[in-house]
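> Right, I'll just put the structure down here and ask away after.
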Amino acid sequence: MPRPSLLAFLLCVSPLLPACIVEAPGGASPNERRQAVVAEVPPLSVKGGANFEDTVELVGASVQPGRLTPGDVARVTAYFKVLKPLDEDYIVFVHVEDAEGRMERVNVDHKPAGGLYPTTQWKPGETVKDEFAIAIPATSPARTINLWMGFWDPKTDGRLQLKNPEAVRNDGRSRILLMQIPVAR
């Protein structure tokens, strides 16, 4: 845990000052940041290209296994290139939906990078790795799953707006179709 500076310590112990306020350490530790940021993006099963308000670009994503079995879990890894600093701590929203509309939506909304690295700490030029798990109910009739994604601000209930809707599959509400995953029967 970071320690207060020597100056902050001396000001705090000075008998001339009635009170002391030292800024609490916050944010990702250097180790957590190293876990969340990658130097090189591995080969991906899905290429991205979605630009969210000229601040974040989805580079791409992969899923393992590449075919879901109802009741099983798959790991999804998405990679985001940081273009500009973000002023808010966004949630990555993920909607798992049956492509044919026969199953209830499953929400897999989460803090990016396992909660280790909030978006207000992202630095331009970094590529942030975001891993999460998805599952569909064992009784699901789905044959194909649509995986929708975007960025959501829980304080305002707003989304980062998609700047290039013509370049990626989307629903017109800043929700991109990250991938379609077949379901084994």
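> Could you tell me whether any residue of the range 140-162 is acidic (Asp, Glu) and open to solvent by 40 Å² or more (accessible area, probe 1.4 Å)? Steps first, answer last, please.
Residues of the range 140-162 that are acidic (Asp, Glu), as a first pass: 153, 157.
Subsequent filtering for residues that are open to solvent by 40 Å² or more (accessible area, probe 1.4 Å) retains 157.
Scanning the range 140-162, I find at least one residue that is acidic (Asp, Glu) and open to solvent by 40 Å² or more (accessible area, probe 1.4 Å), so the answer is yes.
> Any idea which of Val73, Val94 is of a type in the set (Val, Ile, Thr), open to solvent by 60 Å² or more (accessible area, probe 1.4 Å) and under 28 Å from Pro182 (Cβ atoms)?
Val73
> Residue under question is Arg67, and the condition is that it be free of Cβ contacts under 8 Å to residues at least 60 places away in the same chain and open to solvent by 60 Å² or more (accessible area, probe 1.4 Å); does it hold? Before you say what the answer is, go through the steps one by one.
On the way: free of Cβ contacts under 8 Å to residues at least 60 places away in the same chain: no; open to solvent by 60 Å² or more (accessible area, probe 1.4 Å): yes.
Judged against the criteria, Arg67 is not a match.
The values are calculated or read from the model by the stated rules, or taken from the named source; none is laboratory data. Keep in mind the model is a prediction, meaning the values are calculated, not measured. Every residue, glycine among them, receives a Cβ derived from its backbone with ideal geometry; neighbour counts consider all protein chains shown. Please note that ligands, DNA and RNA were not included when accessible areas were found on the heavy atoms of the full protein model with its side chains. Shrake-Rupley method; radii C 1.70, N 1.55, O 1.52, S 1.80 Å.
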